[in-house]
1. With labels modelled as points extended 7 Å from the Cα through the Cβ direction, what inter-label distance (nm, one decimal) is found for residue 263 paired with residue 104?
2. I need 120, 250 ordered by Cβ neighbour count within 10 Å, fewest first.
3. Classify segment 107-202 from the C-alpha gyration tensor, please: rounded if a/c falls under 1.5, else prolate or oblate depending on whether a/b exceeds b/c.
4. In nm, give the distance between the simple-model label positions of residue 153 and residue 230, each being 7 Å from the Cα along the Cα-to-Cβ direction.
5. Show me the three semi-axes of the equivalent ellipsoid for segment 30-122, from the C-alpha gyration tensor (sqrt of 5 times each eigenvalue), largest first, rounded to whole Å.
6. From the square roots a ≥ b ≥ c of the eigenvalues of the alpha-carbon gyration tensor of segment 187-238, which class results: rounded (a/c under 1.5), prolate (a/b over b/c), or oblate?
7. Please label the shape of segment 152-266 as rounded, prolate or oblate, based on the square roots a ≥ b ≥ c of the eigenvalues of the alpha-carbon gyration tensor (a/c under 1.5 means rounded; beyond that, a/b larger than b/c means prolate, else oblate).
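Quick note: the coordinates plus some simple rules give every number you see, no bench work behind them. Values in this document were obtained by computation on a predicted structure and should not be read as measured data. Every residue, glycine among them, receives a Cβ derived from its backbone with ideal geometry; neighbour counts consider all protein chains shown.
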Amino acid sequence: MGISLWSDLTWIYLEQGRVHIAEAQLTQEKTDLINTCGTDHVLVELSKDMLSRIYNFQGRWTEAEQLEVEVMDIRKAKLGPDNPDTLTSMANLASTLWNQGRWDEAEQLQMQVMETSKARLGADHHSTLTSMANLASTFSNQGRWDEAEQLQMQVMDISKSKLGPDHPGTLLSMANLALTFSNQGRWDEAEQLQVKVMETSKAKLGPDHPDTLISMSDLAFTWRSQLRNAEALILLKNCAQARQRILGQRHPDSLSTLATIEKWSH
């Protein structure tokens, strides 16, 4: 079976929540391609890239990282360090490092991606905006609020202008800025953005979309900080139920949400 058809089926399984079937299919595809095409073939690279995304979806960071390093190294050698596909692979690896709390390593990659994207693609290109947002998230996790807020404001303003106020990319930029406000104790500013993001996400993406669930969780934490405990708990329980259904009970996001509910309930 050709990789395009395999890939179409894989993403159908993912959309249906059948992650393990998608993983098994891609793993077999990768093995078959290596046997028939060799380890350096572009289709092998593509299958590794897709499989790493599934590992990330499952929270299996170490396995994802291993494949992402392989893909990045191949693309640097074949395409060059400034190629958009190479930059994408660097950004994917940085995201996995970020998910493991390895901020300094993530920042180093993200800075390279952002600077190269600005030079090659322009400051308002969607890939550049994504790289700016990713770097801002790393600054936030390092407690560098002013640097994070500055980048996030730029991303939000450009996104609103280019994409519109209801675009998923714009909503993500608003959510990121809201978190920076929350981390500085600026609850009212955070809530204003988070309510808008959650309501728009539900309407545009659906109530069970991962981005909608993130917006629910973010708002719940803000309400908790505002001592609106009952509202916060109800919202987070709704988020937990959806995450278990969509992501699975063993996914890190599901487990983390359930642990928070347990803590808030006592």
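1. Here the modelled spin labels are 2.7 nm apart.
2. On the way: 120 14, 250 10.
Final ranking by Cβ density, sparse to dense: 250, 120.
3. Working: a/c = 2.52, a/b = 1.26, b/c = 2.00.
Because a/c hits 1.5 or more and a/b fails to exceed b/c, segment 107-202 counts as oblate.
4. So the label points at residue 153 and residue 230 sit 3.8 nm apart.
5. Working: eigenvalues 102, 64, 15 Å².
Over the Cα atoms of segment 30-122, the semi-axes work out to 23, 18, 9 Å.
6. Values: a/c = 2.72, a/b = 1.45, b/c = 1.87.
Note, shape of segment 187-238 comes out oblate.
7. Note, shape of segment 152-266 comes out oblate.
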